1. Looking only at B:Ala63, B:Ala119, B:Ala218, which one moves most when chain B is put into a Gaussian network model with springs between Cα atoms under 10 Å?
2. Apply 1/(1 + (r/R0)^6) to the Cβ-Cβ distance of B:Glu295 and A:Thr86, taking R0 = 51 Å, and write down the FRET efficiency to the nearest 0.05.
3. Quick check on packing: order B:10-20, B:99-109 by the mean number of other C-beta atoms within 10 Å, highest mean leading.
4. Average partner chain C-beta neighbours within 10 Å, per residue of B:240-252?
5. May I ask for the distance between the Cα centers of the stretch B:160-174 and the stretch B:230-262, given as a whole number of Å?
6. Quick check on the stretch B:251-305: what does the Kirkwood estimate of hydrodynamic radius come out to from the alpha carbon pairs, in Å?
7. State whether chain B is rounded, prolate or oblate according to the following rule on the C-alpha gyration tensor (a ≥ b ≥ c being the square roots of its eigenvalues): a/c under 1.5 gives rounded; otherwise a/b larger than b/c gives prolate, and the remaining case gives oblate.
8. So for each of A:33-45, A:158-170 I average, over its residues, the number of other beta carbons within 10 Å; can you give me the resulting order with the highest mean first?
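The values are calculated or read from the model by the stated rules, or taken from the named source; none is laboratory data. It should be emphasised that the depicted structure is a prediction, and the values quoted were computed from it without experimental measurement. All Cβ positions, glycine included, derive from the backbone under ideal geometry; neighbour counts span all protein chains shown. These area figures cover heavy atoms from the full protein model, side chains too; ligands, DNA and RNA do not enter into them. Shrake-Rupley method; radii C 1.70, N 1.55, O 1.52, S 1.80 Å.
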Protein chains: 2
Amino acid sequence: MPVAQDHYASRVEEKPEIRRRMDPVIYDDPARPNGPLSADELRRYERKGYLFFEKLFKEREVAALLKELERLKTTPDRRERPEYITEPGSGAVRSIFRIHRESSLFGRLMRDPRVLNVARQLLGSEVYIHQSRVNFKPGFVGKEFYWHSDFETWHVEDGMPRMRAVSCSVTLTPNTLFNGPLMIIPGSHTAYITCVGTTPEDHYKQSLKKQEYGVPDAESLSRITEAGGIEAPVGPAGSAVFFDCNAMHGSNGNITPLPRTNAFFVYNSVENRLGDPAGGIRPRPEFIATREGFEQLSPAPFRAD
Amino acid sequence: MPVAQDHYASRVEEKPEIRRRMDPVIYDDPARPNGPLSADELRRYERKGYLFFEKLFKEREVAALLKELERLKTTPDRRERPEYITEPGSGAVRSIFRIHRESSLFGRLMRDPRVLNVARQLLGSEVYIHQSRVNFKPGFVGKEFYWHSDFETWHVEDGMPRMRAVSCSVTLTPNTLFNGPLMIIPGSHTAYITCVGTTPEDHYKQSLKKQEYGVPDAESLSRITEAGGIEAPVGPAGSAVFFDCNAMHGSNGNITPLPRTNAFFVYNSVENRLGDPAGGIRPRPEFIATREGFEQLSPAPFRAD
């Protein structure tokens, strides 16, 4: 459904702007919920922009996933691949992208009905994986992720047309208030903050380590924080948070001894597949934004044996 | 009370060590409390290493102090003085040292019975100011302070003989769980963790911006955190936390829009005045560690008019 003018254009004007969201937040009908979420949960997601479920996965499921990550991190030569993003300074692995292809175990995790059917219900359609990754925030030295709306980047750099995607973050270690948990500004998903500055070519090579473009301005952030406050869904390993593609979120650093490791799946509606990025910039590589690798997902229970 | 061997020697051995604390934590008798703190509060401080009081100061008192800081920060040439420490990178003022001399208003704050008499009671003697400062952790860009025991530095770099000092931090903005609040490891004050590495000459010029020496090792930190957990006393502006000189503490960065500004007074017992620093290193300057400027403090009510 192309629009005559790009309502979500960003990084083109000299001043930032807070614009109205043009798309629904939930694509299911709370009067007749069609999936695992109740009417109340749907309405809460619509209002706040996120939902949190404690211990959606069992301890042994989490243990198997952590063991798999240890294997990936210690296999020789793997960390030279573009999917492996390292911390500036320490060189520690910060993220592994396209984790659902790097590991069949994570590939099964994203198909598990406990997460996939929530995404299908929220988006009111079949879905595919736009992006997946694991984020490591190691103890003592973990760095912050500054505030951002994922959709701003996906729209500008990947050509995602509309707001019809949901992120699911599965916690693989306890997320506490002290080890740099995901912070969300409730209600922020109902507005769209345009950013300032032109996107440089091959921006992703830097932006995955340190953001400089697609960064919302301080004044807009202050305004939406005054309106909505800040919340941090925290809980034991195996919990999951679902959040709207346009929810403003970020996280502080982590000097505690406790590492914070989360798997992250972005489900996009099959009716919202990528077009060309704005301004004629080159599309980002497949491991960051799925194009050719498109695959509609069918639910299949994840089992850790 | 000099000891034959320096039990608190640090930065001399090749491996870190967790040693026993040789000094009392409270110098008052909980059976007959002699000051504003109750027996329960004394015992809690003894066990946890800190006490927190919500809203010890009134809104208009806090407003006057904040206005004073604005004056100090914007007076031309002031920020060129050694007392003014700037952030690496942004150049924003991170701390103002010897704030009780930079500003008579803060000089009165530290003499107020609400704080001074707590220090006198905990230390069981008259007291003087070993160090004072204001720490600014600005919104969006505030950086972390890594874990440390103040006493380790004061003993090694300033020649403070024994553990008989207490820090008081008065919050001048709300301290929330999200804007990089002080984090303390309860019970950590009962052990002494020696650090590794020799102190370079004039170390303070760097250490006030970024710590490299006097940094506890990861393994010891993990052990004491497993034992004590992590707590963060948070509350509205005008609250105060008192914590033992040897309590392990630190704080994460601050990407929220909310600045975190705290005034910080270190009360030392007059019976615990500084000697020579270990290893023949040159004493740090007066604005960081009081020697000549020694002055026993008498209570006088702070009034903001």
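1. So, out of B:Ala63, B:Ala119, B:Ala218, the one fluctuating most is B:Ala218.
2. Calculated transfer efficiency: 0.50.
3. Descending mean neighbour count gives B:99-109, B:10-20.
4. Mean number of neighbouring Cβ atoms from other chains: 1.
5. Centre-to-centre distance over Cα atoms comes out at 12 Å.
6. One decimal place: 15.4 Å for the Kirkwood radius.
7. Rounded, because the longest to shortest axis ratio a/c is under 1.5.
8. Top of the packing list down: A:158-170, A:33-45.
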